[in-house]
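Student: First the structure, then my questions, so here it is.
What follows draws every value from the coordinates through simple rules; no lab data is involved. Predicted model only: the values in this text are computed from it and were never measured. Cβ coordinates were reconstructed from backbone atoms using ideal geometry, including for glycine residues, and neighbour counts include every protein chain displayed.
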Amino acid sequence: MPDERISVTPSTRDIALRGEAIYEQKYQAEYEKTLRGKYVAINVNSSEAIVADTGEDAIRLALERDPDGFFHLVRVGHRAPFEAGWYMSCVD
Amino acid sequence: MSIKSGKVIDGHPYIDVLVSPDGKASVKYTALVDTGFSGFISVPVIAASILGLKAHATSRYTLANGKLSDPIPLAFGYACLEGDLFVQGLICISENTSTIVGVDFLMRCGKALVLSSKGVVMLSEADLLASNKPKK
């Protein structure tokens with residue numbers, strides 16, 4: 001994981017990759033023992049993790065703490081927070 | 001009982017929804033109802049731009065083949081069926097060309113989906129349950 005703060009206008013991919021790296025290195029092992037199914041918003045600048053019962057709550061709480069932050073949303077014990085149906089899967 | 005009718009196009013259910021960045025000004029979209037999509041609503045990038053949705057975070061979704069999607073932006077926004085009150089949720093901004101309504105929309109809006117050979121309707125879950133209560 002790079003040490004420098006993420007650039008002022010990061011791409012969606014930059015935020016996601018950095019957020020996933022932070023989650024895997026700092027939180028995943030611990031959270032998967034006790035927080036399965038919870039949603040986690042990772043602040044990619046501070047590496048802080050905000051845990052909540054819904055993705056909406058996790059991002060809202062994260063924004064309250066850092067209104068200028070960039071966040072990546074993950075779900076503990078899941079490959080992704082959302083599942084796509086046939087249409088989204090065909091076009092993606 | 002509040003019932004909204006949609007249409008079936010090429011075998012897939014579509015229904016009109018209002019999407020808004022702030023719960024006030026909105027744009028109407030004919031959205032595909034995808035019960036395999038666990039999220040609230042997914043809108044194409046161009047629609048998000050027109051609506052003025054501000055991305056707050058990124059995420060991914062699991063595709064039907066088990067693979068992960070490319071990262072997508074997420075924005076807070078509002079949506080509802082015409083005539084209903086807006087409900088807030090996380091809107092996925094995707095590369096898809098259609099607006100898609102997911103199961104989280106049905107849950108947040110309290111709607112039941114009825115799909116038949118003749119078409120599709122969404123109705124109030126509360127009304128549906130009340131109408132099925134045994135009469136004393």
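Student: Just check the range B:72-119 against the gyration tensor rule for me: Cα atoms, a ≥ b ≥ c as the square roots of the eigenvalues, rounded for a/c under 1.5, and otherwise prolate or oblate depending on whether a/b exceeds b/c. Let's see the in-between values first.
Tutor: On the way: a/c = 2.27, a/b = 1.33, b/c = 1.70.
Oblate.
Student: Right, here's the next one. Provide the FRET efficiency to the nearest 0.05 for the B:E95-A:Q25 pair, computing r from the beta carbons and using R0 = 22 Å.
Tutor: The value I calculate is 0.15.
Student: Let me ask you something else. Could you name the lysines whose alpha carbon sits less than 27 Å from that of B:K133, not counting residues in the same chain fewer than 8 places away?
Tutor: B:K4, B:K111, B:K118
Student: Please give, to one decimal in nm, the separation of the simple spin-label points placed at A:S46 and B:M107, each 7 Å out from Cα toward the Cβ.
Tutor: The two pseudo-label positions are separated by 2.8 nm.
Student: Hey, another quick one. Can you sort B:I100, B:I46 from fewest to most other Cβ atoms within 10 Å of each residue's own Cβ?
Tutor: B:I46, B:I100
Student: Shifting gears a bit: Using only Cα atoms, locate the centre of the range A:60-75 and the centre of the range B:83-115, then give the distance between them in Å, rounded to an integer.
Tutor: Computed from Cα coordinates, the inter-centre distance equals 23 Å.
Student: Still on this structure, please answer the following. For chain B, divide the Cα radius of gyration by the Kirkwood radius and give the resulting Rg/Rh value with two decimals.
Tutor: My calculation of the ratio gives 0.99.
Student: Oh, and also: Take B:H12, A:H72 and order them by how many other Cβ atoms sit within 10 Å, fewest up front. Can you show the working numbers first?
Tutor: Numbers: B:H12 15, A:H72 28.
In increasing order of surrounding Cβ atoms, one gets B:H12, A:H72.
Student: Another question, then. Find the Rg to Rh ratio for the range B:15-54, where Rh is the Kirkwood radius over alpha-carbon pairs and Rg uses the same atoms.
Tutor: A ratio of 0.95.
Student: Using unit Cβ charges (K, R positive; D, E negative) and no other charged atoms, how large, in debye to the nearest 20, is the dipole of the protein assembly as shown about its Cα centre?
Tutor: 800 debye
Student: Here's another thing I want to ask about it. In chain B, what % of DSSP beta bridges are antiparallel (nearest 5)?
Tutor: Antiparallel: roughly 85 percent of the beta bridges in chain B.
Student: Looking only at other chains, what is the average number of their beta-carbon atoms within 10 angstrom of each beta-carbon in A:71-80?
Tutor: What the average comes to for A:71-80 is 4.
Student: Something else now. Would you kindly calculate the mean projected area, averaged across all directions, of the convex hull enclosing the Cα atoms of the protein assembly as shown, in square nanometres?
Tutor: So the Cα hull casts an average projection of 14.7 nm².
Student: Straight-line reach from B:K24: which lysines have a Cα under 16 Å away, not including same-chain ones fewer than 8 places off?
Tutor: B:K54
Student: Let me know the shape class of the range B:35-109, please: from the alpha-carbon gyration tensor, a ≥ b ≥ c as square roots of the eigenvalues, rounded when a/c is under 1.5, otherwise prolate if a/b is greater than b/c, or oblate.
Tutor: It comes out oblate by the Cα gyration axes.
Student: Could I ask something else about it? Using a cut-off of 20 Å between alpha-carbon atoms, which aspartates and glutamates can reach B:K135, once sequence neighbours fewer than 8 places away in the same chain are excluded?
Tutor: Straight-distance partners of B:K135: B:E125, B:D127.
Student: Would you report the distance distribution of C-alpha pairs in chain A as whole percents per 10 angstrom bin, up to the bin with the largest distance?
Tutor: Values per bin, smallest distances first: 17, 47, 30, 6.
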